[in-house]
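All remarks here apply to the structure that follows.
The values are calculated or read from the model by the stated rules, or taken from the named source; none is laboratory data. Everything quoted here is computed from the prediction, not taken from an experiment. Cβ: placed from backbone, ideal geometry, glycine included. Neighbour counts: every protein chain shown.
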């Protein structure tokens with residue numbers, strides 16, 4: 001686990017209720033935004049054929065998950 005994740009978990013552990021919900025939703029949005037961008041980039045420019053095909057398969061699902069994260073974060 002990297003320092004970014006450790007810091008986020010420490011922050012979440014200190015929160016409760018609506019504050020927790022807001023920080024968690026924002027963190028999910030950041031993670032899903034990054035994941036969707038990585039899948040998108042690799043699906044077009046990846047060097048490994050099998051991994052590129054995997055990214056192409058997963059990308060539509062990542063886009064859906066990103067939309068869910070946007071809705072959750074926007075509702076806070």
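Among the residues of the range 10-37, the ones that are out of contact with any helix residue (DSSP H, G or I) (no Cβ under 7 Å at 6 or more places or on another chain), over 26 Å from residue 64 (Cβ atoms) and surrounded by 12 or more Cβ atoms within 10 Å (Cβ to Cβ) come to 1 in all. Exactly one residue out of 55, 73 is modelled with pLDDT under 95 and either in contact with a strand residue (DSSP E or B) (Cβ under 8 Å, 6 or more places away or on another chain) or surrounded by 16 or more Cβ atoms within 10 Å (Cβ to Cβ) (or both): that is 73. Selection of first residues in the range 47-71 that are without any contact (Cβ under 8 Å) to a residue 12 or more places away in the chain and of second residues that are loosely packed, with under 15 Cβ neighbours inside 10 Å and part of a helix (DSSP H, G or I), restricted to Cβ pairs under 9 Å at least 6 apart or on distinct chains, gives the following pairs, ordered by first then second residue: 52/44; 52/45.
In the list 63, 47, which residue meets the criterion of being outside any helix (DSSP H, G or I), out of contact with any strand residue (DSSP E or B) (no Cβ under 6 Å at 6 or more places or on another chain) and over 22 Å from residue 4 (Cβ atoms)? Steps first, answer last, please.
Values: 63 fails: outside any helix (DSSP H, G or I).
So the residue among 63, 47 that is outside any helix (DSSP H, G or I), out of contact with any strand residue (DSSP E or B) (no Cβ under 6 Å at 6 or more places or on another chain) and over 22 Å from residue 4 (Cβ atoms) is 47.
With respect to the conditions (1) loosely packed, with under 12 Cβ neighbours inside 10 Å; (2) at pLDDT 95 or above, residue 7 falls short on a single one, namely (2).
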